[in-house]
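A short reminder: the numbers here are calculations on the coordinates, not readings from a lab. None of the values given here were measured: they were computed from a predicted structure. Cβ placement follows ideal geometry from the backbone for every residue including glycine, while neighbour counts extend to all protein chains displayed.
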There are 2 protein chains.
Amino acid sequence: MAVKKAVFREVGTGKEPAVDSTIVNLRSKLEIYKAMSNGGNLADCPVRDVMQGLSGKWSSLLMGALAEQPYRFGELRRLVPDISQRMLTQTLHELQRDGYVHREVFPTKPPSVEYSLTDLGRSMFGALHQLILWAELNHDAVRQARAGFDAARA
Amino acid sequence: MAVKKAVFREVGTGKEPAVDSTIVNLRSKLEIYKAMSNGGNLADCPVRDVMQGLSGKWSSLLMGALAEQPYRFGELRRLVPDISQRMLTQTLHELQRDGYVHREVFPTKPPSVEYSLTDLGRSMFGALHQLILWAELNHDAVRQARAGFDAARA
DNA sequence: TAGTGCTGGTCTCTTTTTGAGACCACCACC
DNA sequence: GGTGGTGGTCTCAAAAAGAGACCAGCACTA
């Protein structure tokens, strides 16, 4: 294997020489992260903002359930037995706020509440689904990597 | 708009009548959630297991950065200025453990450490990228939904 | 008519996770 | 001998998550 040089690159310090071809070339590759970080304006970053709402422990699971069909509150509670009622309320509320989930109250006695995906929610779940499928297919590889890592450091 | 009936469905209680066509039809649609919940065996669920590792606040951001090029520890710290050193160490450690990230120490003085994506990591990021692109494209819709929701309840 | 159960929540308390920042050893440079 | 840069760990405070009690309203049952 060729010996890699551990070159001390200067990144993001704002002190780079203006005309350094190495850095220019390097910078041109930073497309994904730039998008994810809104080019340094971290406070108002689109990707980060949206991803944040999906990164909760229960968000993707509830989206998966609602992608199949609408559910009532109590149904979701039974379907996902290890979620606390507090987190179910809260996660559904966040998903509703971000426009992925529609909440409808029916005037039954007692009143029942049905949650369903909006068009935006279905659209988003299309992308999320890719990740879920990947997880399903590659679970063994991840588990194996994890086992190997734990074995190596033991 | 047609009046929706708030039918009290029985789901997951284990008490359903054995031959109820409504429920059978309902059950047949539960493909995505079944995959996500491993059919009730929640403790050892592939999708949940993998998603958990990606749902951290910083995981996807660091994956996005490393998808562009390898970075050294200090570079990542400067690139993502609002991550604490502790969370950077920890998140990289988790990503390494799950097999997405490779960690290589160079015998420089002082020693430098380079982080890069593995093949598994690049594969996973392909799927994650779909979600990132969606977020980029639909950020306005999400922000609008959020604003509308906040306005309605004020 | 009193008890029980179901609805969809909220409230409080404890535990877990995250964040901010001090601290560390090592070495080069001046 | 001070300063700065390397990649961390450690401690302590703040924020988030989880467990479970509690609530009002109504239907059904005894």
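In the assembly of identical copies, B:Asp82 has its label point, taken 7 Å from Cα in the direction of the beta carbon, separated from the corresponding points by 3.1 nm (ascending, one decimal).
Mind checking the dipole of region A:50-153: about its Cα centre, +1 per Lys or Arg Cβ, -1 per Asp or Glu Cβ, Debye to the nearest 20?
320 debye
In this assembly of identical copies, the label point of B:Pro110 (Cα plus 7 Å along Cα-to-Cβ) is separated from its counterparts by 5.9 nm, sorted shortest first. Using the average count of surrounding beta-carbon atoms within 10 Å as a protection proxy, the listed peptides A:57-69, A:93-105, B:140-152 rank, highest first, as A:57-69, A:93-105, B:140-152.
A:Ala151 sits among other residues whose Cβ lies under 15 Å from its own Cβ, and their net charge, with Lys and Arg +1 and Asp and Glu -1, is +2. In whole Å, what is the distance between the alpha-carbon centres of region A:85-105 and region B:71-92? Rounded to whole Å, the Cα centres lie 32 Å apart. Working from Cα pairs under 8 Å separated by at least six residues, relative contact order for region B:50-153 is 26 percent. Distances between equivalent label points of B:Asp140 across the copies, with each point positioned 7 Å along Cα→Cβ, amount to 4.6 nm, shortest listed first. Here the ratio of the Cα radius of gyration of region B:50-153 to 2.2 N^0.38 Å is 1.28. Computed from phi, the 3J(HN,Hα) profile of region B:136-151 under the Karplus parametrisation 6.51, -1.76, 1.60 (θ = phi - 60°) reads 5, 6, 10, 4, 4, 4, 5, 4, 5, 4, 5, 4, x, 4, 5, 5 Hz, with x in place of Gly and Pro.
Sequence-distant contacts, meaning Cα pairs under 8 Å at least 6 residues apart, place the relative contact order of region A:63-123 at 41 percent. Proximity of backbone amide H atoms, modeled 1.01 Å from N, is registered between B:His102 and B:Ser116, B:Leu117, B:Thr118 at under 5 Å, excluding neighbours fewer than 5 places apart on the same chain.
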